[in-house]
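Visitor: Handing you this structure, nothing more for now.
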Amino acid sequence: MAEGNEYVELKFRIYDGADICHSSYASITTIASLKQKLVSEWPQGKSVVPKSVNDIKLIHLGKVLENGKTLSESGVRDSAFAGGVITMHVVIQPVLAKKKPAKKQDDAGKLNSCGCTIL
């Protein structure tokens, strides 16, 4: 069977233990496209929601999968589990917001000043 015709049955486990997007995927499917599907089909009402593909990390067998690779390049194979469903773990790590601008030196000096006198 050609590599492009192989399919892998996957489900994705999110932070609260729920499984989402259970389906068969072609072995030539990229990790980035899997992440895009997860973002578009994320369950409603969850406390943590990814806003973009960059907020998601997929973990398979303890390894974080890279966006530019396919399932087969990442070592995800259906034969590894004799026809079973492969569970990937989804970690949501939103991009950190920009740091707050530093306070002006004048303001910082006033907050950290001391009024003690040593004799």
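Visitor: Restricting attention to the stretch 11-28, which residues are of a type outside the set (D, E, K, R) and more than 12 Å from TRP42 (Cβ to Cβ)?
Guide: GLY17, HIS22, SER23, SER24, TYR25, ALA26, SER27, ILE28, listed by residue number.
Visitor: Let me ask something else about it. Within the stretch 1-41, take every residue that is assigned to a loop (DSSP other than H, G, I, E, B), in contact (Cβ under 8 Å) with a residue 12 or more places away in the chain and of a type in the set (A, V, I, L, M, F, W, C) and give me the one that is most open to solvent (accessible area, probe 1.4 Å).
Guide: Checking each candidate, the answer is ILE28.
Visitor: Residue under question is LYS104, and the condition is that it be modelled with pLDDT of 90 or more and open to solvent by 40 Å² or more (accessible area, probe 1.4 Å); does it hold?
Guide: Answer is no for this residue.
Visitor: Any idea which residue in the stretch 42-63 is modelled with the lowest pLDDT, counting only those that are open to solvent by 80 Å² or more (accessible area, probe 1.4 Å) and within 23 Å of GLU6 (Cα to Cα)?
Guide: Per the criteria, the residue is LEU61.
Visitor: I'd like to know if the stretch 59-72 contains one or more residues that are in a loop (DSSP other than H, G, I, E, B), under 14 Å from HIS89 (Cα atoms), hydrophobic (A, V, I, L, M, F, W, C) and in contact (Cβ under 8 Å) with a residue 12 or more places away in the chain.
Guide: Within the stretch 59-72, one or more residues are in a loop (DSSP other than H, G, I, E, B), under 14 Å from HIS89 (Cα atoms), hydrophobic (A, V, I, L, M, F, W, C) and in contact (Cβ under 8 Å) with a residue 12 or more places away in the chain.
The values are calculated or read from the model by the stated rules, or taken from the named source; none is laboratory data. Quantities reported herein were computed from a predicted structural model and do not represent experimental measurements. Please note: Cβ atoms are built from the backbone with ideal geometry, for glycine as well, and neighbour counts cover all protein chains shown. Ligands, DNA and RNA are excluded from the accessible area calculation, which covers all protein heavy atoms including side chains. Shrake-Rupley method; radii C 1.70, N 1.55, O 1.52, S 1.80 Å.
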